[in-house]
Amino acid sequence: MAAPKYLECNLCGNQQIYEPFVPAVCKKCASQWMEARYDYEAFKREVLRGLPNRPSNMWRYQDILPLRDPDSLDLYPAGGTPLWLSQRFARGLGHESVYIKDERYGPTSSFKDRQAAGAVAAMLENGPYPASLKRRVGGRFGHLENGQSAALLDKLKHDKLQCVMAAHVSHKNNTAALAQRALARVLDCADDDVRVACQTAGFDWITL
Ligand SMILES: [Zn+2]
């Protein structure tokens, strides 16, 4: 990937070097509103060549995404949602044509899928796991993050559901409290009503 050439403060204009995984705070005015500046001219040359052999999702633009070696991970294919030509809004908005980006096709129907996929992949790449485990965690059928688990639970839940147990909650990248909060929100219950299985001891008998 192309690391940002530098970070630029949106308030005072200060430019400073980009350091991965260091909170971006302006060293002059302490603002946290920093813009990453890339070598866009170099990237433009690539784009104009059509980015051949790249997938039609966000990783198409891997040159300006924070991964060193995108090919080493099974990357979650967020992005690439369709762009529809609207027949209705163009005239009212004073344009010849208007296209609508349809984010309903993303896994959580939100443009934040891209941001989450990029952040998770970057943290994974820099994390302590061996390459094979990184590929599995990062892949489509690897691990669920709390939001995905909550979305799945939302689809599965029904009136007769009596007990929900979160299992295999990562010690490194998650906490029981975060998992409970995400799932409890879907179930509309107290966080503590969601049980969490211990990775070493499992869980005790449950009376229903
Ligand atoms: Zn500043």
TODO: In nm, give the distance between the simple-model label positions of D102 and D39, each being 7 Å from the Cα along the Cα-to-Cβ direction.
DONE: 3.9
- [ ] Excluding residues fewer than 8 places away in the same chain, name every one of the lysines whose C-alpha is closer than 19 Å to that of K172.
- [x] K134
- [ ] Would you kindly derive the ³J(HN,Hα) couplings of the stretch 110-126 from the backbone phi angles with the Karplus curve 6.51 cos²θ - 1.76 cosθ + 1.60 (θ = phi - 60°), listing them in order in whole Hz, with x for Gly and Pro?
- [x] 9, 5, 6, 3, 5, 4, 5, 4, x, 5, 5, 5, 5, 5, 5, 4, 8
Open item on the list: Considering just Cα atoms, how many Å³ per residue does the convex hull of the stretch 79-148 enclose?
Closed with: 107
Open item on the list: Let me test this: with uniform point scatterers at the alpha carbons of the stretch 156-208, what is the Debye-based log₁₀ I(q)/I(0) at q = 0.12, 0.31 1/Å?
Closed with: -0.27, -1.31
Open item on the list: Per 0.36 nm of contour for each residue apart, how much would the distance between V47 and V22 grow if the chain were fully extended, relative to their Cα-Cα spacing?
Closed with: 6.1 nm
- [ ] Would you mind putting 50-56, 79-85 in packing order, based on average other-beta-carbon counts within 10 Å, highest first?
- [x] 79-85, 50-56
Task: Rg [Å, one decimal], Dmax [Å, integer] - the stretch 81-208, C-alpha atoms - done: 19.7, 65
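Placing +1 at every Lys and Arg Cβ and -1 at every Asp and Glu Cβ, with all other atoms neutral, what dipole size does the chain have around its Cα centre, in debye to the nearest 20?
Dipole about the Cα centre, nearest 20: 420 debye.
We did not get these values from a lab; they are worked out from the coordinates using the rules stated. Note that the structure is a prediction, hence the values are computed from the model and not measured. Positions of Cβ are generated from backbone atoms using ideal geometry, with glycine treated the same way; all protein chains shown enter the neighbour counts.
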